[in-house]
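Structure record follows, encoded as structure tokens.
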Amino acid sequence: MSTVKELLLLLLPLVLLALEAPLCYGACVEVDSDTEAVINEGFKLGCIYCKMRGEVDATATVKWSFKGSGDSDFSDLYIYNDTRRKIIDPRFYERLDWNGSKHTMDLQDGSIYILNVTYNDTGTYKCEFSRLLKYSNYDYQTAIEKNITINVVARLTRGMASILSEVMMYVSIIGLQFWLLVEMIYCYRKISAAGEEALRESAEEYLAIASESKDNCAGAQVAE
């Protein structure tokens, strides 16, 4: 039976991994924004700043600025602070919406979404992410700045590198799932085989005890 226990302990981490896998979708990953927008369609400007210490309370502010292809300086575009949002640049009135973290002041995703993209939206967008970490004895301020240059085109074109990276991502996911399945089947068979062996040993031990008891009874009757 000790062999069965060892195999169960071996299988337990794999089972826990399978159960926890769906939760991984909630993890924060800093992915670069797309840089090619299609005319008259919507476009997401991505700006993600992950918090390394998830257990620490924090508040964050996101400010976007825009410098058009013909502009010399950045102008304020959008600000999100304390769950309140404000469009500052009149060129984006009724065309801009928040697409980041919702219902929280502890922002990690500061993305925005542009509706009905025009050629005038071509240019550089600056995302300024400011976070205040609240430790028990003090506060700590962190900040990052990301520049995203957007090109507006008539039709979206995907590069070969983008296509290959997406294919490799799906291949990796399928490969990991297949490996997990093989490991679970292997462990199940080992446990099943060990269980059958244990049952067989128990049966043999029972028969041996029964045979010994029968011999003892026969010997007692002869003595009488």
Quick one: how many residues across segment 26-73 are part of a strand (DSSP E or B), open to solvent by 70 Å² or more (accessible area, probe 1.4 Å) and of a type in the set (Asp, Glu)? 1
Within segment 186-201, the residues that are touching a residue at least 40 places away in the same chain (Cβ under 8 Å) and open to solvent by 100 Å² or more (accessible area, probe 1.4 Å) are Tyr188
Take the residues in segment 74-88 that are closer than 22 Å to Asn40 by Cβ and among the hydrophobic types (A, V, I, L, M, F, W, C); name whichever of them is least open to solvent (accessible area, probe 1.4 Å). Leu77
Show the residue pairs that are 6+ apart or on different chains and have beta-carbon atoms under 9 Å apart, the first residue being within segment 71-99 and on the phi > 0 side of the Ramachandran plot, the second being part of a loop (DSSP other than H, G, I, E, B). Asp82/Met105; Thr83/Lys102; Thr83/His103; Thr83/Thr104; Thr83/Met105; Glu94/Leu115
With the requirement that a residue be open to solvent by less than 60 Å² (accessible area, probe 1.4 Å) and more than 21 Å from Gly54 (Cβ to Cβ), what does segment 89-120 give you? Asp89, Phe92, Arg95, Leu96, Trp98, Asn99, Ile112, Ile114, Val117, Thr118
Of the listed residues (Glu30, Glu55), the one being of a type in the set (Asp, Glu) and under 29 Å from Thr157 (Cα atoms) is Glu30
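Among the strands (runs of 3 or more DSSP E) contained in segment 82-197, which hold 3 or more residues that are modelled with pLDDT of 90 or more and not basic (Lys, Arg)?
The strands (runs of 3 or more DSSP E) meeting that bar are 96-98, 112-114, 123-134, 139-153.
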Exactly one condition in (1) over 28 Å from the mean Cα position of the chain (by Cα); (2) charged (D, E, K, R); (3) outside any strand (DSSP E or B) is not met by Asp76; state its number. (3)
Six or more apart or on different chains, Cβ under 8 Å: which pairs go from a residue in segment 157-185 that's over 30 Å from Ala37 (Cβ atoms) to one that's at pLDDT 75 or above and open to solvent by 100 Å² or more (accessible area, probe 1.4 Å)? Could you list them? none
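The values are calculated or read from the model by the stated rules, or taken from the named source; none is laboratory data. On a predicted model such as this, the values are computed, not experimentally measured, just so you know. Glycine gets a Cβ as well: all are built from the backbone with ideal geometry, and neighbour counts include every protein chain shown. Just so you know, the surface numbers come from the protein's heavy atoms only, side chains and all, with ligands and any DNA or RNA stripped out. Shrake-Rupley method; radii C 1.70, N 1.55, O 1.52, S 1.80 Å.
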